[in-house]
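Take a look at the structure set out below.
The values are calculated or read from the model by the stated rules, or taken from the named source; none is laboratory data. Since the model is a prediction, treat every value here as computed from it, not as a measurement. Because the Cβ atoms are built from the backbone with ideal geometry, glycine has one as well, and the counts that use them run over all protein chains shown. The area values use the complete protein model at the heavy-atom level, side chains included, leaving out ligands, DNA and RNA. Shrake-Rupley method; radii C 1.70, N 1.55, O 1.52, S 1.80 Å.
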Amino acid sequence: MDKVRVGIIGCGNICKKAYVPGLRKCEAVELVACADLDAAKAKALAAEMSIPKVYDSPDALIAADDIDIVVNLTVPQAHAPVNLKILAAGKHAYTEKPFAVTRDEASAVLKAAAKRGLLTGSAPDTVLGGGIQTCRKLIEDGAIGKPIGATAFMLCHGHESWHPDPEFYYAKGGGPMLDMGPYYITALVTLLGPAVEVAAMTKKSFATRTITSAPKSGKVITVETETHHAGTIRFANDAVVSMVMSFDVWKHNLPRIEIYGTDGTLSVPDPNTFGGPVKLFKPGADPKTAQWEEIPLTHAANSRGIGVADMAMAIRNKRAVRASGEIGAHVLDIMLSFEEASKAKKTLTLKSKCSQPKAMPAGLAEGVVND
Ligand SMILES: NC(=O)c1ccc[n+]([C@@H]2O[C@H](COP(=O)([O-])OP(=O)(O)OC[C@H]3O[C@@H](n4cnc5c(N)ncnc54)[C@H](O)[C@@H]3O)[C@@H](O)[C@H]2O)c1
């Protein structure tokens with residue numbers, strides 16, 4: 001079968017590090033072109049990574065007639081505007097996370113796609129990896145009984161010590177929630193289904209950040225976003241999840257995600273990765289002596305790009321996308337509700353909905369998606 005042709009817009013860090021190698025592992029897609037606002041950057045990437053075509057501008061790539069899916073790896077503020085241009089040109093749009101930075105932008109993108117019969121996809125596709133999919137299967141097989149609740153924690157001291165251009169992490173559309181929340185909340189939606197309510201408190205602990213990475217070491221960034229978010233999400237299945245996302249913390253001993261069920265506990269691997277370990281605790285006859293058991297992965301680990309491959313199969317088989325724009329928009333709604341609930345000092349009811357994405361079939365090889 002012909003491969004689905006993919007062009008990339010945004011030739012920065014994640015493009016080179018993850019998407020170019022990741023897409024090349026996926027049998028359904030072929031990376032044919034790239035472009036960036038900074039044309040020299042796109043040219044250098046194409047030469048270094050043997051990408052067949054490089055366009056002088058993002059608009060030129062969007063107008064090309066030999067591309068089916070455009071993968072948008074620009075910075076968060078550009079995600080929705082670039083996606084709208086991709087869709088207006090009649091191409092399917094898959095974007096890095098967050099899906100957009102406002103609800104209005106997210107809904108404009110979903111409407112534009114629906115109007116033209118096109119598909120939208122949104123990172124993270126780590127949820128299609130072996131770790132989260134094995135957890136999904138365990139929950140569906142009844143390993144922990146009925147989910148009661150969960151915890152989700154991501155605490156670090158931000159990205160200015162390693163990222164070469166870290167300013168966007170502290171601008172509107174940045175912060176730990178919009179940056180890292182998509183991994184955690186998309187994993188929770190994949191495992192538990194959609195959410196219904198959010199209560200939270202948020203704050204900004206540092207007014208400025210000093211870059212210590214090359215090449216901007218010493219540059220001071222003004223922090224425009226909340227950088228510590230603590231809250232609770234109630235899911236439609238009545239699971240209650242406690243969550244902290246922070247760029248203000250030097251060290252901690254918290255788990256990443258744990259799901260608590262009536263019959264056991266599931267320790268979920270880092271949702272910013274594709275693999276394990278997956279650990280299950282079952283109380284058995286004697287809960288005092290029972291131990292965690294590491295569960296072998298039932299699904300291939302995969303890597304970034306598997307969500308694009310899934311979109312390619314969705315185009316071929318005329319089915320829904322797993323890492324979809326609808327889920328991206330619902331996750332955005334949940335994330336934005338943290339700061340809003342904090343300001344309003346009340347629990348907010350979510351207006352958006354999405355379906356729990358279909359589980360990946362077990363036993364597929366790396367880079368393969370069928371239905
Ligand atoms: N760096 C990571 O480890 C990482 C991991 C996962 C996801 N992401 C996400 O990937 C996206 C990109 O991150 P990055 O680290 O690669 O950033 P980056 O700054 O290294 O690269 C972004 C690129 O997009 C280009 N760009 C910006 N606006 C554009 C526009 N309007 N049109 C075309 N090109 C434009 C920039 O010139 C730059 O080359 C972000 O949404 C980020 O949240 C990054």
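Relative to the Cα centre, what is the charge dipole magnitude of region 80-181, using +1 at the beta carbon of each Lys and Arg, -1 at the beta carbon of each Asp and Glu, and rounding to the nearest 20 debye? Spell out each step's value before the answer.
On the way: 11 positive and 10 negative charges, 118 e Å.
Computed charge dipole of region 80-181: roughly 560 debye.
Looking at the chain, the pairs of alpha carbons with a distance over 27 Å make up 47% of the total.
Distance check, please: which entries in Lys318/Lys358; Lys91/Lys318; Lys91/Lys353 exceed 21 angstrom between their Cα atoms?
Details: Lys318/Lys358 14 Å; Lys91/Lys318 15 Å; Lys91/Lys353 25 Å.
Beyond 21 Å between Cα atoms: Lys91/Lys353.
Atom-type composition of the exposed protein surface of the chain places 56 percent of the accessible area on carbon and sulfur (1.4 angstrom probe).
A 1.4 Å probe run over the protein chains yields, for region 131-295, 43 Å² of accessible area per residue, whole-number rounding.
Estimated purely from DSSP H runs of n ≥ 4, each contributing -39500 (n - 2.57), the mean residue ellipticity at 222 nm for the chain is -9000 deg cm²/dmol once divided by its residues.
Separation of region 156-178 from region 184-245 is 12 Å, based on Cα centroids.
Taking a 18 Å limit on the Cα-Cα distance, which of the listed pairs Lys16/Lys41; Lys53/Lys85; Lys17/Lys97 fall beyond it?
Values: Lys16/Lys41 11 Å; Lys53/Lys85 20 Å; Lys17/Lys97 16 Å.
Violating the 18 Å limit, Cα to Cα: Lys53/Lys85.
Here each label is just a point 7 Å from Cα along the line to Cβ, and for Lys318 and Ala285 those points are 5.7 nm apart. Dividing the alpha-carbon radius of gyration of region 1-158 by the rule-of-thumb value 2.2 N^0.38 Å gives 1.17.
Remark: region 131-295 carries a charge dipole of roughly 260 debye about the Cα centre, counting +1 on each Lys and Arg Cβ and -1 on each Asp and Glu Cβ. The Cβ shell under 12 Å around Ile139 holds other residues with a net charge of 0, Lys and Arg each +1, Asp and Glu each -1.
Note on Lys343: aspartates and glutamates with a C-alpha under 15 Å away, same-chain residues under 8 apart excluded, are Glu226.
Quote to one decimal, in nm, the extra length available between Ser57 and Lys345 on full extension: 0.36 nm per residue of separation minus the C-alpha distance between them.
On the way: separation 288, 0.36 × 288 = 103.68 nm, distance 4.52 nm.
Net length gain for the segment: 99.2 nm.
Using C-alpha pairs below 8 Å separated by at least 6 residues, the relative contact order for the chain is 21 percent.
Less than 5 angstrom separates the built amide H of Ala236 from those of Ala195, Val196, all sequence-distant by 5 or more or on a different chain. Using the Karplus relation 6.51 cos²θ - 1.76 cosθ + 1.60 with θ = phi - 60°, the per-residue 3J(HN,Hα) values for region 72-89 come to 9, 10, 7, 6, x, 4, 8, 4, 5, x, 5, 4, 5, 5, 4, 5, 4, 8 Hz, with x marking Gly and Pro. For region 131-295, the spherically averaged projection of the C-alpha convex hull amounts to 10.4 nm². The lysine pair count for region 131-295, using Cα distances under 27 Å and pairs eight or more places apart or on different chains, is 22. Contact order for region 284-371, expressed relative to its length and based on alpha carbon pairs under 8 Å spaced 6+ residues apart, stands at 43 percent.
For the chain, what is the charge dipole size about the Cα centre, in debye to the nearest 20, if Lys and Arg each add +1 at the Cβ and Asp and Glu each add -1 at the Cβ?
Numbers: 42 positive and 39 negative charges, 81 e Å.
About 400 debye.
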